[in-house]
Amino acid sequence: MSKIKFGLALLLLLGFMTSCAHLFEVRMDAATAYQSKQYIAATELLIPEYELSESLVERAAKARQIALCYKMANRTTQAEKWYEKAVEFDSDAPTFFNYALMLKANGKYEKAMKVFEEYARVYPIDRSRATKQLKACKSALEWQEEPEPYRIDNPIGLNSAASDFAPVLYDEATLIFTSARSSAKGEETYGWTGEKHSDIFVAEAISASSYGEGRPLSDSINTVYNEGTVTFDQDFKVMYFTHCGGANSIDDYCKIYKTERAPNGEWVEPERVYLFATDTINVGHPYLRPDGKELYFSADHPEGYGGKDLYSAKLTREGWTSPKNLGPEINTELSEGFPFIHADGRLYFSSDGHAGMGGLDIFVAERKGKNWTKVENLKYPVNSPADDFGIHFQPKIKPELIDSVEAIGYFASSRPGGQGNDDIYKFTRYIPQEPIDTTPVEVPVPLATGPVYILQGAVSENLYADSSNPNSAITGKEAMKQVLVEINGLSLSSEIDERMRTDKSGRFELQLEEATDYRVAASNTGYFRESINVSTKNKSGAVGDTIYIPADLLLNKIFERVEITLDNIYFDLDKWDIRPDAEPTLQQLANLLLENPNITIELGSHTDARGKDKYNQELSQKRAQSTVDYLVKRGLDRRRLVATGFGESQLVNDCVDGVSCTEEQHQENRRTTFSVLSEDFSPDGRF
């Protein structure tokens, strides 16, 4: 796992930043600049290479790399431009989808919708994800037409030309926040952003709409690395914050620290807060409940739901309890962060995995029993096509405003029109002034017009005679509990976008809409994600009938570095072209890989022992490469596929040279295989 860090919110929102922060400028090639997280420097090297490229394949690769660098640097306008160039030459699935995402992030919703529609047509296996984005674009347009009753202000004097974010009220007149402004500690530039490393700052209010110049909070806390995202207990005597960066690889990961205020008002030397058993994950964005007994935070633990997840832990006499994941109702395959618990008990957080307007959006959820539910987008104008995150509410409303103002607070955003990359904004939510008719209204009960449709599903896994060998005999199936199940309606009119977990019997259930297609997907750590299409179309019944729609999914365990034979992949004598009878199996493999975008595989080709060793080696390499090329044409990222010709070096029987064998025995050796190399591929992490 790469060493990534929380640092400046500008990019930790897209992914925690790698902490091998380069504190100096060096001359390097584009690949080295990218791997060193110096994305803008990489673009300056890549653009001339793109202009000199003669082949379309090379130009497509350079355009994609430039677009990726701009995307990682959060320069969405430039990223859109270069993704558009890339898809003109070679529209592989990730590039195609990222182009649509950049259009959306730049507020070009109508154009983004057209690209997502085309993507769904070209890559039907990923139609569910495209439909989700289509719905989000449609909602964003509607929210802009009818904005929520907020006033959004950029406080005078508070923001700088650099990134300013994570605001927290220390008292009614003091704001604590994170900033990479020029007065941050140290003199070096952070290679990812071109700004300084972030520190914790404090600023006093001059009026309701202006602040004095921000100053560093304390030398005992701020270092030459990244600090930020603070939280306090109710007495403001205990503070937790995130620190990222250090002298060695373990120190590179983000961690949460605690400090206390001494009687003289100074903050004492911070101490690390230990939450997980491992040091090689990033932990940050702390939020402490006022009583100091419960801590919420974000972490990229490998057993989470993907990206960065939200967790909570409780303080006992023995220390912090083992962190509890807030569950799939909150956490998605992408990233969640910046938790805040309102006085009314609701959870506010930021996410780029739930349906939003562009980048990160701010969401709110309610607690139901032990779980969180009813995740809702705060909509426009709090959210925008850009990144919106880190909300914090003012605890009290002044008496003279109580009749007109519902809430006041702060959040950060990278929306256009600010002073720097990220700015802190103040929001005021007003109480609607239209008179409310309190006369009781008798609501008519809608008459049933047809049957009730109930999705009934189950998730199970195969049991093998040899539990470590997927090529051994299957001896049965076993139900899988607590598996994440996602059900998405595949039309813009559908309101179903559900995430749930299977019960102890591996089952799940949901009422569906009529005349609608759905995608049902199940995923679990260490298993291939699987999905199926179900539909309530053409399912007739009388009023009051219940029609059950089955959805049984079988998850296959991932065995890394274990070779699995692909059935029905044959080649003509001395040929390496993909035959028509091999295409169904390869399409199934393509679908599996599109469904599991983090998987990289090795495709192997084997020959029998007849013929010369060198010839067999070369022939098998060509066949393996043909298989890779076929999958690339089906939308797979070439970087996820490794072609290896094994020739006759790995026979599965005794049919070596000089041994008489039947044609069937020789066929056992002429096989195409695949094996999983890794489960951590990221299009934004590879160059």
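The values are calculated or read from the model by the stated rules, or taken from the named source; none is laboratory data. Keep in mind the model is a prediction, meaning the values are calculated, not measured. Ideal geometry is used to build each Cβ from the backbone, glycine not excepted, and the neighbour counts take in all protein chains shown.
Points worth noting:
- Those residues of segment 246-285 which are part of a loop (DSSP other than H, G, I, E, B), in contact with an Asp or Glu (Cβ under 8 Å, 6 or more places away or on another chain) and either of a type in the set (A, V, I, L, M) or under 18 Å from residue 297 (Cα atoms) (or both), in sequence order: 250, 253, 268, 281, 282
- Taking the criterion of being surrounded by fewer than 21 Cβ atoms within 10 Å (Cβ to Cβ) and basic (Lys, Arg), the residues of segment 72-106 that qualify are 75, 81, 85.
- Residues of segment 385-398 that turn out to be closer than 30 Å to residue 500 by Cβ and of a type in the set (Gly, Ala, Ser), as a count: 1
- Picking from residues in segment 366-393 that are aliphatic (A, V, I, L, M) and not in a loop (DSSP other than H, G, I, E, B), the one that is modelled with the highest pLDDT is 391.
- Only one of 574, 545, 552 that is touching a residue at least 24 places away in the same chain (Cβ under 8 Å), in contact with a helix residue (DSSP H, G or I) (Cβ under 8 Å, 6 or more places away or on another chain) and surrounded by fewer than 17 Cβ atoms within 10 Å (Cβ to Cβ): 574
- Segment 156-201, subset basic (Lys, Arg) and within 30 Å of the chain's Cα centre (by Cα), residue modelled with the lowest pLDDT: 196
- Residue 322 fulfils the conditions (1) among the hydroxyl-bearing types (Ser, Thr, Tyr); (2) in contact (Cβ under 8 Å) with a residue 60 or more places away in the chain; (3) part of a loop (DSSP other than H, G, I, E, B) except for a single criterion, (2).
- Some residue of segment 674-686 being closer than 26 Å to residue 58 by Cα, in contact with a Pro (Cβ under 8 Å, 6 or more places away or on another chain), part of a loop (DSSP other than H, G, I, E, B) and modelled with pLDDT under 90: yes
- Entry remark, segment 41-74: residues being touching a residue at least 12 places away in the same chain (Cβ under 8 Å) and part of a loop (DSSP other than H, G, I, E, B) number 2 in total.
- Selection from segment 466-495 of residues that are surrounded by fewer than 19 Cβ atoms within 10 Å (Cβ to Cβ), within 24 Å of the chain's Cα centre (by Cα) and closer than 30 Å to residue 120 by Cβ: 491, 492, 494, 495
- Checked against (1) surrounded by fewer than 22 Cβ atoms within 10 Å (Cβ to Cβ); (2) of a type outside the set (D, E, K, R); (3) more than 24 Å from the chain's Cα centre (by Cα), residue 288 meets all criteria but (1).
- Selection from segment 509-538 of residues that are surrounded by fewer than 16 Cβ atoms within 10 Å (Cβ to Cβ), over 24 Å from residue 469 (Cα atoms) and not acidic (Asp, Glu): 511, 515, 532, 533, 535, 537, 538
- Number of residues in segment 307-322 that are among the aliphatic types (A, V, I, L, M) and more than 23 Å from residue 351 (Cα to Cα) equals 1.
- Within segment 113-139, residues that are under 17 Å from residue 517 (Cβ atoms) sit with their Cβ atoms under 7 Å from residues that are assigned to a helix (DSSP H, G or I) and of a type in the set (Asp, Glu), at 6+ positions apart or across chains, in these pairs: 125/595; 134/117.
- Residues within segment 19-39 that are over 24 Å from residue 281 (Cβ atoms) and modelled with pLDDT of 50 or more, tallied: 8
- Among the residues of segment 603-639, the ones that are within 22 Å of residue 90 (Cα to Cα) and assigned to a helix (DSSP H, G or I) come to 12 in all.
- Restricting segment 394-413 to residues that are under 14 Å from residue 429 (Cβ atoms) and either buried (at least 19 other Cβ atoms within 10 Å of the Cβ) or not hydrophobic (A, V, I, L, M, F, W, C) (or both) leaves a set whose member that is modelled with the lowest pLDDT is 403.
Table: residues versus (1) free of Cβ contacts under 8 Å to residues at least 60 places away in the same chain; (2) closer than 19 Å to residue 412 by Cβ; (3) touching a Leu at 6+ places or on another chain (Cβ under 6 Å).
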site: 178; (1), (2), (3): no, yes, no
site: 205; (1), (2), (3): yes, yes, no
site: 217; (1), (2), (3): yes, yes, no
site: 242; (1), (2), (3): no, yes, no
site: 272; (1), (2), (3): yes, no, no
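- Exactly one residue among 669, 653 is free of Cβ contacts under 8 Å to residues at least 40 places away in the same chain and within 18 Å of residue 620 (Cβ to Cβ), and that residue is 653.
- Residue within segment 585-601 that is in the same structural domain as residue 661 (by TED's automatic domain parsing), small (Gly, Ala, Ser) and farther than 30 Å from residue 449 by Cα present: yes
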